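**Q** I am attaching a structure below and will ask some questions about it afterwards.
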Amino acid sequence: MVKNKNLFIIPCHRVVRSDSFVGQYVLGADKKVNILVKEGVEIETRKVKNIEKYLHKFPLSAAH
């Protein structure tokens, strides 16, 4: 998501890696961590704590 040119329209700071590390951000990883913390996400050493709490699970489509 480091190449998102529409970061104020598409909130890519909420996309984290599957290993729960915050990953990159166009404005820098430190800025991404600060934004996530302001939104109430617990971060420890650039890793989201309790990642299961924040995971979005997409419903399975009936049209398989």
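The values are calculated or read from the model by the stated rules, or taken from the named source; none is laboratory data. Just so we're clear, the structure is a prediction, and the values are computed from it rather than from any experiment. Cβ sites come from the backbone with ideal geometry, for glycine too, and all protein chains shown count toward neighbours.
**Q** Give me the pairs: first residue in region 1-28 and modelled with pLDDT of 85 or more, second residue surrounded by fewer than 13 Cβ atoms within 10 Å (Cβ to Cβ) and in a helix (DSSP H, G or I), beta-carbon distance under 9 Å, and six or more apart or on different chains, which are they?
**A** Tyr25/Lys31
**Q** Going through region 43-64 one residue at a time, which ones are within 16 Å of Ser18 (Cα to Cα) and assigned to a loop (DSSP other than H, G, I, E, B)?
**A** Thr45, Arg46, Lys49, Asn50, Tyr54, Leu55, His56, Lys57, Phe58
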